[in-house]
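Structure first, then comments.
The values are calculated or read from the model by the stated rules, or taken from the named source; none is laboratory data. Source: prediction; values computed, not measured. Glycine also receives a Cβ, built like all others from the backbone with ideal geometry; neighbour counts cover every protein chain displayed. For the accessible areas, the whole protein counts, side chains as well, though only heavy atoms, and no ligand, DNA or RNA atoms are used. Shrake-Rupley method; radii C 1.70, N 1.55, O 1.52, S 1.80 Å.
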Amino acid sequence: MISINSKDELSLYNLEGKWNDYVAVQKEVIAVLRGEIFFGQGDILNVKTNMVIRLTARGIKETLGNGTRFQYLPKDVKVQKIVTLRYLPLMIQNADLVEDEVENYHGEVSNRFAYFRSQVMIDGKVYGVRIVICKKVGSNHFYIHHVDIEKALNYSAHP
């Protein structure tokens with residue numbers, strides 16, 4: 001299980017005073033990830049399904065986006081999302097598939113979704129992580145992730 005120290009992880013980002021400005025958070029996080037060649041790691045193979053998944057800046061922007069995805073979340077949930085981002089490749093690689101070929105409720109008929117689950121330990125507490133993958137013709141892209149302590153041991157596929 002991946003173990004994360006949130007204080008150490010947050011020290012990588014300059015987020016003080018930016019927590020409610022999702023665009024500023026996106027820019028800061030993506031700049032740090034680009035500096036670490038996060039997006040240049042290539043596609044990630046989920047070893048349990050052989051599904052190949054690509055991490056993109058667009059997926060990170062989506063997970064830190066407007067609306068219920070980030071802006072209106074409590075600060076502790078924002079912290080959980082951010083501190084797990086750099087570990088997404090490892091989580092995706094070893095995640096369990098919960099549901100596949102889920103219809104796109106956003107209206108784009110050609111895309112389907114796959115829901116994976118993983119677990120991480122943040123500051124000594126186990127959290128469930130739901131990873132949503134947008135399945136497109138030709139490639140699968142990371143779309144968004146949710147972190148939830150209450151459902152860590154019995155994590156549901158749906159929000």
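Could you go through region 4-12 and let me know if any residue there is within 17 Å of Tyr143 (Cβ to Cβ) and within 15 Å of the chain's Cα centre (by Cα). No, that holds for no residue. Every residue in region 111-141 that is of a type outside the set (A, V, I, L, M), farther than 18 Å from Arg86 by Cβ, surrounded by fewer than 19 Cβ atoms within 10 Å (Cβ to Cβ) and at pLDDT 90 or above, please. The answer is Gly124, Lys125. Taking the condition open to solvent by less than 20 Å² (accessible area, probe 1.4 Å), modelled with pLDDT of 90 or more and among the charged types (D, E, K, R), does Glu9 pass? So Glu9 fits the description; yes. Applying the selection to region 29-58, what residues are of a type in the set (Asp, Glu) and within 16 Å of the chain's Cα centre (by Cα)? Listed by number, the list holds a single entry, Asp43. Tell me yes or no: at least one residue of region 42-58 is open to solvent by 50 Å² or more (accessible area, probe 1.4 Å), touching a Lys or Arg at 6+ places or on another chain (Cβ under 6 Å), more than 16 Å from Tyr127 (Cα to Cα) and modelled with pLDDT under 90. Within region 42-58, one or more residues are open to solvent by 50 Å² or more (accessible area, probe 1.4 Å), touching a Lys or Arg at 6+ places or on another chain (Cβ under 6 Å), more than 16 Å from Tyr127 (Cα to Cα) and modelled with pLDDT under 90.
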